[in-house]
Amino acid sequence: MKRVLIDTDPGVDDALALIYAFKSPEIKVEAITTVNGNVNLETASHNLLIILNLLNLTEFPVIAKGEAQPLVKPLIDAKDVHGEDGLGNTRELMTSKGELKYDIAECQFSELSADDVILEMIDTYPYELIIVALGPLTNLSKAIQKDISCFRKVQSVYLMGGVFTEYGNITTNAEFNVFVDPHAAHEVFNAGIPIHIAPLDVTHQVELTGDRLKEELIGREDIISQFISDSTHAIMTFYQENVGFYGFHIHDALPIAMLNHPELFMSVDAHVQVETEGELTSGMTVADLRKPTVTDSNAIVYVEVDADSFLETYFKTILS
Ligand code: RIB
Ligand code: CA
C-alpha cells in the first residue's frame, strides 16, 4: 500500500488521475492539496469537491487549499483547454429534475494551508509518504522554504511536468506546469529528494482518442462514466482544432501509473535544471538524456511507456 498526498490543479486530466488514484488498490490517498494552475485556486478547489462527490466516498482524505499564484511569474491559466470551469464546462449541467448533475461533496477544507498540510503529512508518515504533483509546484516549494529538513523526509515526489526531447505545450520549449512556476520547479529539483518525472516526452505517447473513450464507456450509466464523457468534449474539441486529433493526452494519470505499474515504463537517471529567467526559454527543463546514467542525477525521467497496456489497465481500474 502506497500512502500518497496528491497536489493538483483540476483540470480534466487531473480529475481522471484522481479517479484512477482512488480506484487503485495499491494506493491510499491520505491528503489532497489544491494549487492555481489550469484554473484559479478557488475553481480548482471547488472542482476537487465535485470529483470527491463523484467517488461516493465513505470517508474523505484531508484536503487543503494552497497557493493562488506562482512564486514570481504572473498568473496564467489553461481554460482554453479545460473549459471555463476547468472540468469541461460540466458545472452548468442539470438533471431532468433541475438539480446540478455534478454537485460538491460535503467535506471541509483544512484550516491549514497546503504547505502546512504537506509538512504535517510528511511528519505523520516519515520516509513513507509519496507526493504526487499534478500541477505547478508552488505548494511544494512553499513547504520546502518553510521546513526543508522535514520535507526531505518525503519518500519521493512523482510529478507530471517538463519536456526534454520535443516541443512544449505552452511555449515552444516549456511544459505548462513548469512554465507556470519555474522558480518553484527549480526549488523542487534542487531540494535533494528522490524525484520521478513524467514529462511530455512520455505523456504524449498515450493518445486517448474519442473513439477509444466511446468504446470503453458504451452502455455505462454510472456517474463516473457520465462525468468522463461529459467532461472530455471540450478538451477533445480543443485537440481536434489545435493538436490534430479528436482526443487528448491524459497527462496526469501517468504518474499514478508509474506508482501502480512501473513495469510499463522505461526511465533514465538525469540531472534536471529549470530555466527561470530566459526571455524566450522560461520554464524550459534542461537535462542531457543522451547519457544512460549521470553521476549527479537529481531525478528519474520516464521516457517510454507501453501505451496500450497503460490504457488497458487504466480503464480496467477506473471502471471497476
Ligand atoms: O502540461 C500538462 C499539465 O498541465 C497537466 O498537469 C495538465 O493538467 C496541466 O496542469
Ligand atoms: Ca494538472
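The values are calculated or read from the model by the stated rules, or taken from the named source; none is laboratory data. What you see is a predicted model, and the numbers here were worked out from it, not measured in a lab. All Cβ positions, glycine included, derive from the backbone under ideal geometry; neighbour counts span all protein chains shown. All accessible areas refer to the heavy atoms of the entire protein, side chains included, with ligands and DNA or RNA removed. Shrake-Rupley method; radii C 1.70, N 1.55, O 1.52, S 1.80 Å.
When residue 279 is tested against (1) at pLDDT below 95; (2) within 26 Å of residue 192 (Cα to Cα); (3) assigned to a loop (DSSP other than H, G, I, E, B), just one condition goes unmet, and that condition is (2).
Only one of the numbered conditions (1) under 24 Å from residue 38 (Cβ atoms); (2) open to solvent by 20 Å² or more (accessible area, probe 1.4 Å) is not met by residue 300, and that is (1).
Residue-by-condition table, conditions (1) more than 16 Å from ligand 2 (Cβ to nearest atom); (2) closer than 27 Å to residue 291 by Cα:
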position	(1), (2)
164	yes, yes
168	no, yes
172	yes, yes
185	no, yes
193	yes, yes
201	yes, yes
209	yes, no
222	yes, no
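Residues in the range 11-25 that are within 12 Å of ligand 1 (Cβ to nearest atom) and in contact with a strand residue (DSSP E or B) (Cβ under 8 Å, 6 or more places away or on another chain): 12, 13, 14, 17, 18. Considering the conditions (1) out of contact with any Pro (no Cβ under 9 Å at 6 or more places or on another chain); (2) open to solvent by 10 Å² or more (accessible area, probe 1.4 Å); (3) not charged (D, E, K, R), residue 63 is excluded by exactly one of them, (2). Residues that are open to solvent by 10 Å² or more (accessible area, probe 1.4 Å), farther than 17 Å from residue 158 by Cβ and part of a strand (DSSP E or B) within the range 176-232 comprise 207, 209, listed in sequence order.
Under the condition of being hydroxyl-bearing (Ser, Thr, Tyr) and within 15 Å of ligand 2 (Cβ to nearest atom), which residue from the range 121-162 is surrounded by the most Cβ atoms within 10 Å (Cβ to Cβ)? Let's see the steps before the verdict.
Initial filter on the range 121-162 (hydroxyl-bearing (Ser, Thr, Tyr)): 124-125, 127, 138, 141, 149, 156, 158.
Next cut, within 15 Å of ligand 2 (Cβ to nearest atom) only: 138, 158.
Details: 138: 32, 158: 26.
Looking at residues that are hydroxyl-bearing (Ser, Thr, Tyr) and within 15 Å of ligand 2 (Cβ to nearest atom), I get 138.
Considering only residues of the range 26-53 that are surrounded by fewer than 22 Cβ atoms within 10 Å (Cβ to Cβ) and under 25 Å from residue 207 (Cα atoms), which is farthest from ligand 1 (Cβ to nearest atom)? Taking the candidates together, the pick is 26. Looking at the structure I just gave you, is residue 8 within 20 Å of residue 161 (Cβ to Cβ), touching a strand residue (DSSP E or B) at 6+ places or on another chain (Cβ under 7 Å) and either within 10 Å of ligand 2 (Cβ to nearest atom) or open to solvent by 10 Å² or more (accessible area, probe 1.4 Å) (or both)? In short, yes. When the range 267-294 is limited to residues that are among the hydrophobic types (A, V, I, L, M, F, W, C) and within 19 Å of residue 191 (Cβ to Cβ), the one that is farthest from the chain's Cα centre (by Cα) turns out to be 294.
Do we have any residue at all in the range 112-120 that's of a type in the set (Asp, Glu), part of a helix (DSSP H, G or I) and open to solvent by less than 70 Å² (accessible area, probe 1.4 Å)? Yes - at least one qualifying residue is present in the range 112-120.
From 57, 71, 52, 75, which residue is within 16 Å of ligand 2 (Cβ to nearest atom) and either part of a loop (DSSP other than H, G, I, E, B) or hydrophobic (A, V, I, L, M, F, W, C) (or both)? Before the answer, list the steps.
Values: 57 fails: within 16 Å of ligand 2 (Cβ to nearest atom); 71 fails: within 16 Å of ligand 2 (Cβ to nearest atom); 52 fails: within 16 Å of ligand 2 (Cβ to nearest atom).
Just a single option satisfies the conditions, and that option is 75.
Does the range 211-229 contain any residue that is touching a Phe, Trp or Tyr at 6+ places or on another chain (Cβ under 7 Å), charged (D, E, K, R) and within 30 Å of residue 101 (Cα to Cα)? Before the answer, list the steps.
Taking the range 211-229 and keeping what is touching a Phe, Trp or Tyr at 6+ places or on another chain (Cβ under 7 Å), we get 216, 227.
When the remaining residues are screened for being charged (D, E, K, R), the result is 216.
Filter once more, so that each one left must be within 30 Å of residue 101 (Cα to Cα): 216.
Yes, because at least one residue in the range 211-229 is touching a Phe, Trp or Tyr at 6+ places or on another chain (Cβ under 7 Å), charged (D, E, K, R) and within 30 Å of residue 101 (Cα to Cα).
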